[in-house]
Amino acid sequence: MAQHKKLNVWLATAICGNDITSSCLYVSAICIGLAGQFAWISLLIVAVVLFLFRKIYGEVVGALPLNGGAYNVLLNTTTKSNASVAACLTILSYMATAVISASEAMHYLHDIVKELPVVYATLALLFLFLILNIMGISESAKVALVIFIFHLTSMLVLIVSAFIFLFNHGTEILQQNFSMPVKGGSIGTALFFGFSAAMLGISGFESSANFVEEQKKGVFPKTLKNMWLAVSILNPLIAFLAIGVMSLTQVEAHESSFLNYMASLTGGKVLATIISINAVTVLSGAVLTSFVGVNGLIKRMALDRILPQFFLKENKRGSSYRILITFFVLCVS
């Protein structure tokens, strides 16, 4: 088998981090719609749950450092049929992530370039990341790292802009939002529904385990820590700042372009454009995560003779092009 470079902490974090941190583009708005002014608390509860999950996942995958994530764990603790079902569901999840992320990215780009044909652009984006993955995971990771840095920088600028807005305009909007009736009739109900929506929206924490063999020794637990830190800070903070700069009704009215609207209120058209570009790139990064994740998972299933052995054929860069092409065809179909 051809030797290829393994990923360091930042490259590995970038691949899985783009997926999980892209949740801040939509999950805060959805959570506010269900939990209202207490959405940021629901998102903090999610951070606590992920912290506990991080400890368990780190220990289990550390003991079995093989690609496949939940599939590999179930394979060693239950039956092969149970593990196969979990693996198939994971592949379907990756397909949904790839297609939805690519489509959403092109819809954001369509807001900037009105003449863009969204469907053909979505197909082109999927094909682009197919080629990047065939070139090898190291090359894909470098692209992911650039996207990840741009995303975190854009979010930092948005957060600073929101703080400046609060400093200049005061906390009147924040106070008005906290005086509004509680969603669901009680704080407990609001927190429950907000937590449920946030747990569904903040996906991708398991992605790193699906390419753990491509990472250097000791990198995997650090990727879990980095992902946890990112979502624990970004999502609750953005949700709290949002109810400080706009009313709850405004959040619900602009749910599909939540951060764009927040950026336009706090930083004007220029910042809103930057956030739109960031949305395009980080959602594209989530497409990359899907290709990398499914490559590691299907390769592990082929090694266990659950899938055909021809999936094990790799190019000189260590990329299983047959898996990637099959995944691309499934996504397109």
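The values are calculated or read from the model by the stated rules, or taken from the named source; none is laboratory data. All values derive from a computational prediction rather than experimental measurement. Positions of Cβ are backbone-derived with ideal geometry, glycine not excepted, and every protein chain shown enters the neighbour counts. To get the accessible areas, we keep the full protein, side chains included, count just its heavy atoms, and leave off ligands, DNA and RNA. Shrake-Rupley method; radii C 1.70, N 1.55, O 1.52, S 1.80 Å.
Worth a mention:
- Cα gyration tensor, the range 119-163 - rounded (a/c under 1.5), prolate or oblate: oblate
- Partners for LYS216 among lysines (Cα-Cα distance below 29 Å; same-chain residues under 8 apart left out): LYS5, LYS6, LYS55, LYS80, LYS142, LYS225, LYS299, LYS313, LYS316
- Shape call, the range 162-223: gyration tensor on alpha carbons, a/c limit 1.5: oblate
- The chain: proportion of alpha-carbon pairs further apart than 29 angstrom, %: 39
- Solvent exposure ordering (accessible area, 1.4 Å, most first) of HIS107, HIS169: HIS169, HIS107
- FRET efficiency for PHE178 and LEU303, using Cβ-Cβ distance with R0 set to 45 Å, rounded to 0.05: 0.25
- Helix 118-134 and the longest principal axis of the C-alpha atoms of the chain enclose an angle of approximately 50°.
- Highest-fluctuation residue, ARG54, ARG305, ARG322 considered, GNM on the chain with Cα pairs under 10 Å: ARG305
- Axis angle, to the nearest 10 degrees, between helix 9-21 and the longest C-alpha principal axis of the chain: 50 degrees.
- Local electrostatic count, ALA302, Cβ distance below 12 Å [Lys/Arg +1, Asp/Glu -1]: +3
- Most mobile listed residue (THR289, THR79, THR249) in the chain, GNM with C-alpha springs under 10 Å: THR79
- Two numbers describe the Cα atoms of the range 176-333: Rg and Dmax, which are 20.7, 62 Å.
- Share of carbon and sulfur in the accessible heavy-atom surface of the chain [1.4 Å probe, %]: 70
- Å² of accessible area per residue within the range 197-260, as computed with a 1.4 Å probe and no ligands counted: 36
- Report summary: the helix-based calculation at 222 nm, which adds -39500 (n - 2.57) for every DSSP H run with n ≥ 4 and divides by the residues of the chain, gives -25500 deg cm²/dmol.
- Helix axis angle, 258-303 relative to the chain longest principal axis, alpha carbon, degrees: 20
- Working note: Cα gyration tensor of the range 1-121, eigenvalues times five, square-rooted, sorted largest first, giving semi-axes of 30, 23, 16 Å.
- In the context of the full set of protein chains, the range 25-78 has a per residue accessible area of 41 Å² (1.4 Å probe).
- Shape call, the range 38-103: gyration tensor on alpha carbons, a/c limit 1.5: oblate
- Residues in the range 103-167 average 51 Å² of solvent-accessible surface per residue, probe 1.4 Å, ligands and nucleic acids excluded.
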